[in-house]
Each structure stands twice: as C-alpha cells, then as structure tokens.
Amino acid sequence: MNFLEERIQKDGIVKEGNVLKVDSFLNHQMDIELFKQMGEEWKKRFADANINKILTIEASGIGIACVASDYFKAPVVFAKKSKSINIEGDMYIAEVESFTHKCKNQVIVSKKFLGPDDHVLIIDDFLANGCALQGLISIIAQAGATVEGIGIAIEKGFQSGGRVIRNLGYRLESLAIVDSMDAETGQITFRQ
C-alpha cells in the first residue's frame, strides 16, 4: 500500500452514492506534506516527459497542482468555472459535467496562457467518469498544445473515466485507484 492509499484508509470516509470523502486532507483542508509526496511521485512517473505547463480545474485541483508545479518548475494554469470581469480577450471553452456536484459547467482558459508550444501535464484530485479531464483535453487541443500526461490523486477504478481516458491513448498516472467501496462497512479496496 502506498502513502496515499494509507492516508485514504486512515482518514477517508465512504458515503452512499460512491462518494469518497477526503476533505480532511485533500480537498477542503489540505495536507501540504502529503501534496509534496504526490508532486515528487508524479515527477518520478513523468521524468521522461517534456512538461512546461500544468493544467487543472478549479477548485480542488489547484492546491495539488501548485505544489506539484514546484517539482516540474512549470507554471500552473487552472480552468475557471465562471467568467469574471478580470478575464479579457479570447478564451478556450469546454463543457464539463461534475460527478460530485451533479451539474454541467463551462470551463474557460484565457488563450494567452496556453498555446501550441506548451507541453501540458494535467493534474486533478479525482477521476470518476472522466468528464472534467475530457474538457481539459479539449482545451489543450483547442490551444494546439500537447498533452504529455495526466496525474490523478484518486481514481475511482470502478467508474468508466480511467478506462475511457486510457483507451483514448493518454498516459494516465493515478496515485491511488479505488476498485471498490462499501458505505455500510467503510471498506475500501485498492487496485494492486
């Protein structure tokens, strides 16, 4: 069992509806030392990749991506879920559906932060159905940039997202893959 799986076993809470609550260390309260271990592990796994940008989606991916960026010496760009008056000029837009929030959002990235010379590592906290990832991949394609890889903290292996993304030919490195969860017992089984 790796460091992230151990932490999920210790502090993760399984809820009805295939929800894994990890807000005490990952996506509400953030354990930066854990994030450093994650960044270091992704750097090992993508050591051969030419990465000059990290892309994530607001909000839960931002903290993880920022800490990981220190290992890649690359800036972080995050797709925003709403347009504000601060965003000006041309934008890349993709529609994504959130498993957790059960809603669709348009996500946007300013064209000035992503272009054809960029070699991008996507970082996010969870992978369930893969909708957010497909939106980010679409934005990278619109920019003419290259997806060098995808780093996910926790993949729900019993949902279709990981299989879909891998079948599309992308290099996907998930630090913990949950094969099953039982809300009644709290049991979590990880892929070996």
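Computed values, structure above
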quantity: Förster radius 22 Å - calculated FRET efficiency between His28 and Thr185, Cβ distance, rounded to 0.05; calculated: 0.35
quantity: Structure-based [θ]222 nm, the chain - -39500 (n - 2.57) summed over DSSP H runs of at least 4, per residue, nearest 500; calculated: -9000 deg cm²/dmol
quantity: Folded to 0 to 90 degrees: helix 131-143 orientation relative to the chain principal axis, Cα; calculated: 20 degrees
quantity: Positive-end residue of Gln37, Leu121, Phe3, charge dipole of the chain with Cβ unit charges; calculated: Leu121
quantity: Percent of beta bridges antiparallel (DSSP, the chain, rounded to nearest 5); calculated: 40 percent
quantity: Selection from Phe72, Ala49, Val96 lying farthest towards where the dipole of the chain points positive, charges on Cβ; calculated: Val96
quantity: Formal net charge of residues neighbouring Asn50 (Cβ-Cβ distance under 14 Å; K, R +1; D, E -1); calculated: 0
quantity: Average Cα contact separation per residue, the chain, under 8 Å, 6 or more apart, as relative contact order %; calculated: 19 percent
quantity: Cut-off 12 Å between beta-carbons: net charge of the residues surrounding Ala143, Lys and Arg +1, Asp and Glu -1; calculated: 0
quantity: Rough spin-label spacing in nm, given labels placed 7 Å along Cα→Cβ, for Val19 and Ala141; calculated: 3.2 nm
quantity: The chain shape via C-alpha gyration tensor axes, a/c threshold 1.5; calculated: prolate
quantity: Residue-span extension gain [Asp90 to Asn129] - 0.36 nm each, minus C-alpha spacing; calculated: 11.2 nm
quantity: Accessible surface of the chain [probe 1.4 Å, protein heavy atoms]: carbon and sulfur percent; calculated: 46 percent
quantity: Charge tally in the Cβ shell below 10 Å around Gly61, where Lys, Arg are +1 and Asp, Glu are -1, Gly61 excluded; calculated: -3
quantity: Shape of segment 1-93, Cα gyration tensor, a/c cut at 1.5; calculated: oblate
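The values are calculated or read from the model by the stated rules, or taken from the named source; none is laboratory data. These figures come from a predicted structure and were not determined experimentally. Cβ coordinates were reconstructed from backbone atoms using ideal geometry, including for glycine residues, and neighbour counts include every protein chain displayed. Areas reflect the complete protein model, heavy atoms only, side chains present, ligands, DNA and RNA absent. Shrake-Rupley method; radii C 1.70, N 1.55, O 1.52, S 1.80 Å.
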